[in-house]
Each structure stands twice: as C-alpha cells, then as structure tokens.
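S.K.: A single structure is presented below for examination.
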Amino acid sequence: MTTTNWQPEEQLVRFWFEGSERQRLDRFLTQALGGTYSRSRVQQWIREGRALVEGVPVTKPGFWLERPTWVTLRIPPPRPATVEPEPIPLDVLFENEDVLVINKPAGMVVHPSPGHERGTVVHAALAHAPDLQGVGGVLRPGLVHRLDKDTSGVMILAKNDAAHQFLQDQFRARTVRKEYLGLVDGRPPTPRGRIEAPIERDPAYRKRMRVAKLGQGREAITEYETIETFPKHTLLRLYPRTGRTHQIRVHCAFLGTPIAGDTLYGRRRPTIPLDRHFLHAHRLTLVLPGEREPRTFEAPLPPELERVLHLLRQQAGRR
C-alpha cells in the first residue's frame, strides 16, 4: 500500500489488484485495508465517488474487478461527532477501559435517526463515557450492534477504535452468542427448531422487513426452544445466528407465532396487557478485548415482562 496526500484533509491509498480471480470492488478494498474500516463504510465511500479503477471513478460497490489493475481510494478525514451528550441514566452491567455493557430499556432508540434526534442510547453513552466520541462513526459512536426500540436487554459498546474493530470482527464471524426471551402468540409447530429464511426490506412499506423468496434477500437463521407454554401463548428462548434487521420478529411471524405485542408484524390489538412487544435480549456471550475466554453478560427480565408472565401463570392455574 502506498499513501500520499490527495487533498490536505484526505489520504490517497492505492492497491494493486492481481486479477487471478474476479472480485467485488467493496470486498477487495475492505480486505486490502486490513479490516481497518468496515465494509459498509467502504461501500459508502465508493458511492461517494472516492474509488477509482484505472483512474476512472466507480460508484457501484458491486463493481467486478476482473483483470490486473491499480485501485485507488480517497479516504476522508475523521469527522467530529455531531451528537451532543445527554445525562440520561444508564443501567450499566459492566465497564472497563475498552467496553461498556448496558441493559437497554424498552422505548429507547439506539442511535439518532429522523424523528429521534435526542434521548438515544448514543446520547446517554457519550455523557457516561466521553471517549466514545468518533469511535466507529459520527452518529453511531461505539455501536457494534443494535436492538430495536421496544426490545430491551444486553448491549455492548466499544470505547476505542481497537475494541470496536475487535468486537465487530466477532459479530461478522458469528462467534457471538445471542440469547433472547420472547413470548409469542400461539404455539410454534415444534417445541424447538431452526428457521432458515432469507430477509429483505418490504418494498411496499420501507419500515418493515419480510421473508424473501428463495435465492433473494439476505441469509437469516434463528434457532428457538420452548421454555413454557400457556393456553394462547408460548415463552421461547431464541438464538439469532445472523443479525438482520427485525430478524427474530420476522421469523416468529413467518412461523405463524408473532411476538406478543408486536403490532408491526403481529396482531394490531395486542393479546397481552403491555405497551411494547415481549422480546428481551437476555444474554450476550463474547470475548472482550485483551482476553481469551468468552464472557457472558445477562440482563434480567424487566418488571413489566415479569408481570405478564405472572398474569399468564395465574390464568393457567399456576403459581
């Protein structure tokens, strides 16, 4: 790799593509950069016209490199974070110099987005750990994974770039073990099972995802096992093996047993007395930076979900 200044505030990097096997431009650049930057960030730079093949700008991340050539990339300078810290209390499960592990409450959005410019996990985390500024992105400092707004439970954030890369590598390699607790309407076809159904965005309603046709969408795998059954509901332990948007909710609905309280993918009128869906990120197991053995972090079921289970047990004649 050779590096020179393209503009005073940018870096110009050049890589030689040998051409022994055809390869996507975004994948080649991500690998050539040694994993320093995520593939999504490299794709964004390509779309911005920052990649050149044989001196010609290419704006398609999926452009195929097929013969020996020089590939150039203009890397922009780090942008200062534009998210202002907010002193919002966090339920901290664990913290050291590299990571912050929290128990996210339902109703809290993870990062700023249209309509949610304040009050997010990111705003609160920046106030708690100012060193998060600029780690992993301008609007999503420290984030290596996400939870839906109304999903509670364990989340981990990185406090420096090295930790961010270390954790992201584990999520990409699917070595992170994620365990959720979910109450569904009805009963799955089998007490335990494995759902392999690709997921794509619903073109008719962009806020929804859906199961795609075979050969389309992105691979999505969820495993589940039954914990407890009720007359009209089932409590499941769910293990998402991939990390697609709304994956568990889409897969449960695909089985005909949507997450209870999920008005986007399930019934419009919730079958339980709850103003959120019953899905909780219960445990997260992964290796921390500087360590070799995996650790497990656990967030107890929130009181409002415990109350629902207590009510269902009473109705079923159980204590």
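Just so it is clear, none of the values below were taken in a lab; they were calculated from the coordinates. Just so you know, these numbers come straight off a predicted model, no measurement behind them. Cβ sites come from the backbone with ideal geometry, for glycine too, and all protein chains shown count toward neighbours.
S.K.: For each of His128, His251, His233, count neighbouring Cβ atoms within 10 Å of the residue's Cβ, then give the residues from fewest to most.
M.R.: With the sparsest Cβ surroundings first, the list reads His128, His233, His251.
S.K.: From the phi of every residue in region 286-298, what ³J(HN,Hα) in whole Hz does the Karplus formula 6.51 cos²θ - 1.76 cosθ + 1.60 yield, where θ is phi - 60° and glycine or proline is x?
M.R.: 6, 9, 7, x, x, 10, 10, 8, x, 10, 10, 10, 10
S.K.: How many nm separate the modelled label positions at Asp161 and Arg206, each set 7 Å beyond the Cα in the direction of the Cβ?
M.R.: Modelled inter-label distance: 3.2 nm.
S.K.: Another question, if that's okay. Take every Cα-Cα pair in the chain and report what % of them are more than 36 Å apart.
M.R.: Summing the P(r) tail past 36 Å for the chain gives 27 percent.
S.K.: Can you list which of the trypsin sites (Lys or Arg not before Pro) found in region 240-270 are DSSP loop residues with at most 10 other C-beta atoms within 10 Å?
M.R.: Those satisfying the criteria are Arg268.
S.K.: Right, here's the next one. Among Pro105, Ala316, Ile46, whose Cα projects farthest towards the positive end of the dipole of the chain, with charges put on the beta-carbon of Lys, Arg (+1) and Asp, Glu (-1)?
M.R.: Ala316
S.K.: Here's something else I'd like to know. In a Gaussian network model over the chain where Cα atoms closer than 10 Å are linked, find which of His246, His277, His116 has the largest mean-square fluctuation.
M.R.: His116
S.K.: Another question about this same structure. About the Cα centre of the chain, how large is the charge dipole given +1 on each Lys and Arg Cβ and -1 on each Asp and Glu Cβ? Please answer in debye to the nearest 20.
M.R.: So the magnitude is around 1340 debye.
S.K.: Find the Cα radius of gyration of region 170-319, compare it with 2.2 N^0.38 Å by division, and give the number to two decimals.
M.R.: Ratio of Rg to 2.2 N^0.38 Å for region 170-319: 1.09.
S.K.: For region 169-186 and region 202-244, what is the separation of their Cα centres, given in Å?
M.R.: 11 Å
S.K.: Exposed loop sites here are GluC sites (Glu not before Pro) in DSSP loop states with at most 16 other C-beta atoms within 10 Å. What is the longest stretch of the chain lacking them?
M.R.: 118-218
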